[in-house]
Amino acid sequence: MQNEKWQVRRWFEAIHYCEQHAEGYALITVLTTAGSTPREQGTKMVVTADRQFDTIGGGHLEFKAIELARLALADSVNMRQNQQAIHSFPLASKLGQCCGGAVKLLIETHVSHRQVLALFGAGHVAQALVPILAQLPLSVRWIDNRESLTPNEPLPANVDYLCDDEPVGEIPLLPAGSWVVIMTHDHQLDFELAEKALKQPDLPYVGMIGSQTKAKRFVHRLKSKGISDVQLGRFVTPIGLSDIPGKLPVEVAVSVSAQIIQRLHGVNATEAPCTADTTKEALHDTQ
């Protein structure tokens, strides 16, 4: 659920959370100690882009370690490669700590290679789609603005559900490279989500449920809002494989998931461009 991260306290809980939710992190370990030090050898903490979990003793040592960890993590994200580094710290006046000892820290970055998929909408099609997506190597962020649709049952570990009155505001928070799938109950909200996602250049795939008519109207409106043909090249609508027939929620979910599986395996040939002539329309997404 959306508050799970804020309930995490210990470093090992943080690692589990980050691994399940495709969030990059840095693990800081007290590798060796000499003399008087705040914490003993083997002490660990975890640092993400916006939080830290556990402690290696506080003070300027920890402040500097967190700073180095975040720099390394940002570098690893850009390079898409994990890295390790050892840093030595004399605990003297330079760090504002007068323990008199010395510490070596190991900083290890862990960048997730699991694809993040943001699913906007929690109607019948989305409810049929999520159990399929949960079995794929994806980290799913499932977002809707209707509190009544918040799932009562526990979700799979790689699915986060967020009820947000302003779903469009979640778009800028998505990690670079995320895929966006839009199937809300509100066509205007669909449009605003699509526009926001297409204006964010680091989101390579923006898929939307609908019909040929809806697609053509959206393309016209998006162009009037300044969306270029290059940006529209990332807009796939209607989503789903045209050779999988049916309009039942589960049928549409299978069609959409099949196309997502193709993307996971680098096969994009059957994706419909945003003006494709297809009549597959799932009316269930409006319920």
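The values are calculated or read from the model by the stated rules, or taken from the named source; none is laboratory data. Bear in mind that the values here come from a model prediction, so they are computed numbers and not experimental data. Methodologically, a virtual Cβ is constructed for each residue, glycine included, from the backbone with ideal geometry; neighbour enumeration extends over all protein chains shown.
Scanning the stretch 113-150 for residues that are out of contact with any strand residue (DSSP E or B) (no Cβ under 8 Å at 6 or more places or on another chain) and either over 17 Å from A253 (Cβ atoms) or among the acidic types (D, E) (or both) turns up H113, S148. Close Cβ contacts (under 6 Å, 6 or more residues apart or on different chains) running from residues in the stretch 49-60 that are exposed (fewer than 15 other Cβ atoms within 10 Å of the Cβ) to residues that are among the small types (G, A, S) comprise H60/G96. Hey, any hits in the stretch 212-219 for a residue that's assigned by TED's automatic domain parsing to the domain that holds F120 and under 18 Å from S178 (Cα atoms)? Looking through the stretch 212-219, none of the residues is assigned by TED's automatic domain parsing to the domain that holds F120 and under 18 Å from S178 (Cα atoms).
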